[in-house]
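A short worksheet on the structure shown next.
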2 protein chains.
Amino acid sequence: MNKAAHKELTKNQGLVFGALTSAEGPLTAYAILDQLRDDGFRAPLQVYRALEKLLEVGLVHRLESLNAFVACSHPGCSSHHAVAFAICETCGHVSEFAPNAALADLSSWAEKAKFRPSKTTIELRGTCANCSTQSAN
Amino acid sequence: MNKAAHKELTKNQGLVFGALTSAEGPLTAYAILDQLRDDGFRAPLQVYRALEKLLEVGLVHRLESLNAFVACSHPGCSSHHAVAFAICETCGHVSEFAPNAALADLSSWAEKAKFRPSKTTIELRGTCANCSTQSAN
DNA sequence: TATACTGGTGTTATAAAGTAACGATTGTGG
DNA sequence: CCACAATCGTTACTTTATAACACCAGTATA
């Protein structure tokens, strides 16, 4: 009965999610594939299919400007489908944050334009605090 | 002397820009290539190299979530490097707009985080006004 | 003139990212 | 048992992007 709605991951989905959570930064689908060869992964589709599900339930985000994927950084991530990312082009570090005012502004634009958004992508490319001080050194 | 800093496009750059401006919506690099075969284009690099320059001077934008390119919709486009796009997933139409409050919010986040952004990507995927009324019909 | 430097070009080959199509397997509900 | 849906494994393929190499035109400098 009581089917655990969006919780149970299949073996492949669990492996992919594990690879992403234990990674320092974002991973491409092919990087994930390489990491999971020992677990029986052979073809990109195995990764893409797992990712598709993980994206759907919100456990994973796709970084469009990188063609890569990261695990959602929210603890009990259950509803966050609108987030933003700051991607350091020097060290590769990615920060996830919720830009509420920005989202509100975009919503208000959308309302005026009668545009119904289904997905919002916000990505900042640049240099993180750490790398900035390094180079200012 | 007085070299026209960012104005003169080479033949290839002009052809690519022309293809994009006369297109209804965004084009992929390979779609551009196909359109320009009659003009002597043979290889993707010819397109990508032109695009690289056009992106650099701001005449063209890249839609990350589409892996495609659009001509900038500003008239005298000389300084606009931060814009947003609303992409209709039904008809493919793309609206470019300047979400100033959103950008301000993102800037303020960046300042707090000491993140120095070099490029900002904001893309809304969804359904445009036109397509919404069609389906509501 | 010669030399060198810069930026654009043309071409071949290759890498990286993503999908189509087929069939086998597993679990759930009638 | 059967039907259905979701997942899985595999092969082959498409789409997107880049590396490497050579050539040419313009321009500056000696």
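Just give me the residues in segment A:94-137 being in contact with an Asp or Glu (Cβ under 7 Å, 6 or more places away or on another chain) and of a type in the set (Val, Ile, Thr), in sequence order.
Correct list: A:Thr121, A:Thr127.
Based on this model, can you work out whether A:Ser118 counts as exposed (fewer than 14 other Cβ atoms within 10 Å of the Cβ), on the phi < 0 side of the Ramachandran plot and assigned to a strand (DSSP E or B)?
Yes: the conditions hold for A:Ser118.
Being touching a Phe, Trp or Tyr at 6+ places or on another chain (Cβ under 9 Å) and at pLDDT below 95 narrows it down to one residue among B:Leu33, B:Leu9, B:Leu20, B:Leu27; which is it?
Result of the check over B:Leu33, B:Leu9, B:Leu20, B:Leu27: B:Leu9.
If A:Ser73 meets every condition in (1) open to solvent by 70 Å² or more (accessible area, probe 1.4 Å); (2) within 15 Å of DNA strand D (Cβ to nearest atom); (3) in a loop (DSSP other than H, G, I, E, B); (4) among the hydroxyl-bearing types (Ser, Thr, Tyr) apart from one, which number is that one?
(2)
Please verify whether B:Ala31 is away from every other protein chain (no Cβ under 14 Å), within 9 Å of DNA strand D (Cβ to nearest atom) and under 24 Å from B:Arg125 (Cα atoms), treating the condition exactly as stated.
Here the answer is yes, as B:Ala31 does meet what is asked.
Is it the case that segment B:67-90 has a residue that's within 11 Å of DNA strand C (Cβ to nearest atom), within 14 Å of chain A (Cβ to nearest Cβ) and either of a type in the set (S, T, N, Q) or under 20 Å from B:Gly126 (Cα atoms) (or both)?
Yes, segment B:67-90 contains a residue that is within 11 Å of DNA strand C (Cβ to nearest atom), within 14 Å of chain A (Cβ to nearest Cβ) and either of a type in the set (S, T, N, Q) or under 20 Å from B:Gly126 (Cα atoms) (or both).
For segment A:53-67, give me each residue that is in a loop (DSSP other than H, G, I, E, B) and of a type outside the set (D, E, K, R).
A:Gly58, A:Leu59, A:Ser65, A:Leu66, A:Asn67 - these are the residues of segment A:53-67 that are in a loop (DSSP other than H, G, I, E, B) and of a type outside the set (D, E, K, R).
So, in segment B:34-47, exactly how many residues are surrounded by 15 or more Cβ atoms within 10 Å (Cβ to Cβ) and within 10 Å of DNA strand C (Cβ to nearest atom)?
Within segment B:34-47, residues that are surrounded by 15 or more Cβ atoms within 10 Å (Cβ to Cβ) and within 10 Å of DNA strand C (Cβ to nearest atom) number 4.
Out of all the residues in segment A:82-99, is one or more without any contact (Cβ under 8 Å) to a residue 12 or more places away in the chain and farther than 14 Å from B:Ile87 by Cα?
no
The values are calculated or read from the model by the stated rules, or taken from the named source; none is laboratory data. Note that the coordinates shown come from a computational prediction; the quantities given were computed from them, not determined experimentally. A quick note on method: Cβ atoms are made from the backbone with ideal geometry, for glycine too, and the neighbour counts reach across all protein chains shown. The accessibility values were calculated without ligands, DNA or RNA, using every heavy atom of the protein model including side chains. Shrake-Rupley method; radii C 1.70, N 1.55, O 1.52, S 1.80 Å.
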